Structures are given as C-alpha cells and as structure tokens.
Amino acid sequence: MKRVALYCRVSTPDQHLENQLIQLRELAGKRGYTIVNEYTDKGISGTKARRPGLDALMADARRRKFDLVFVAAFDRIARSTRHFLQVLDELESFGIEFASAREAIDTSGPMGRLFLTLIGAISALERDICRDRIRQGMARRRLMGLPMGRQPLAISHAAVAADRLSGMSLTETAKRHGISRATVVRFVREAKLKGLPQHEANQQLVECAA
C-alpha cells in the first residue's frame, strides 16, 4: 500500500483549500492509498518557488516519509515549466512518484512523465502568447498616440493644497481626496512653488532635491 502525501494550494486567501482536500482524500481512499500527511499553501501564487507547505513537503520527501505526492492539478505545484520539472526531478531522485487528479496521470511510467512535460510546455506557451498580446497592444497604443499606463487622477490639486494648508492633517487630507499621503505632499509643494518668485522657487527645488 502506497504512502501518499497530499499537496494543495490556492492563490488567494478567500479561496478554500478544503475543496481540493476533500477530492484528494476521496480518490486516495478509492485507490487504496494511505495518507501520511497533508501539506497546504494558502494565498500564495504558484509562481513562487519557495512556499512553506511545499518546502515542508520537499523536506519530508528527502526523508522518504511517503511514496507518492498527490495533487488536485499539476499547476498546484508550479506555474512555470522549469520549476515544475525541477520538483519532479527532485521527487524522482528520492524514488517518489507524482500524481494529479485532474489530469488523471502519474509519473510511475515514462509515458506519464512525457505527458506532464508536454502539458507544462503548453501552459508556458499560453502565458508567453498572452504577454506578447499585451506588448503588441501597448505598441499599437503608442503608434496611435494614445495614453499609456494609469490615467491622471481627476483631482483638484488646488483643493488638496488648500485643505492641507488650512490646518487639516496629512492623513485626513489624503482620506478626504482618496489619494496617498505622498501625493498630498507633492500637491502642496507644487502649490507653494507656484506662489513663489522664480528665484525662491528654484531654491525650494534645490532644497527638495538635496
């Protein structure tokens, strides 16, 4: 009877790990696996190679505490093909197999390993295509003379400066206008410079840059 370790991960804190755990426990029971431990990471992206749950799983893998790692889907382990294969290579070096419920495959045979590699490569290709589309869209906007990035805040700089200079605290001013404290400081500095003679304004800029 195989000793199995379950690994589950969700990317955001509002997602539920229990959904994956219930599925894996049920499938493990049907396949006659003995669950020896469950490792989880909540609110952590699969792009991060270092995760508390995954690190603990790999540490126990080195100690040969289980024979197989069972996940709901292979992308729970990693988002990048490189990291995914690194994990599989390390598990294989310990004599530990890997199985995915969604893809219904495992690495106990050469065909299973080949299939995992192909799927990982396709996922990476999809992400590269998505990035290329974003870059192409940005290039098109530049050629058309359209604005890039975030649009300027539709906020009266004078009103912000007036509130702050009237005695309102920095935090209160920021909350009232829905901006950061640093933006309040910048607007007030701009207002002061506009009201100064040119030589004094230049001196203020020198002092700010110092």
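The values are calculated or read from the model by the stated rules, or taken from the named source; none is laboratory data. Bear in mind that the values here come from a model prediction, so they are computed numbers and not experimental data. We place every Cβ from the backbone using ideal geometry, glycine too, and count neighbours over all the protein chains shown.
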**Request:** Could you check, for segment 24-32, whether at least one of its residues is of a type in the set (Asp, Glu) and over 22 Å from Ser93 (Cβ atoms)?
**Result:** yes
**Message:** With under 29 Å from Thr12 (Cβ atoms), assigned by TED's automatic domain parsing to the domain that holds Asp14 and at pLDDT 90 or above as the only criterion, which of Leu116, Leu68 stands out?
**Reply:** Leu68
**Prompt:** Do we find a residue being among the hydrophobic types (A, V, I, L, M, F, W, C), at pLDDT below 95 and within 25 Å of Met1 (Cβ to Cβ) anywhere in segment 29-52?
**Reply:** no
**Asked** Does Arg133 count as surrounded by 14 or more Cβ atoms within 10 Å (Cβ to Cβ), basic (Lys, Arg) and at pLDDT below 90?
**Response** no
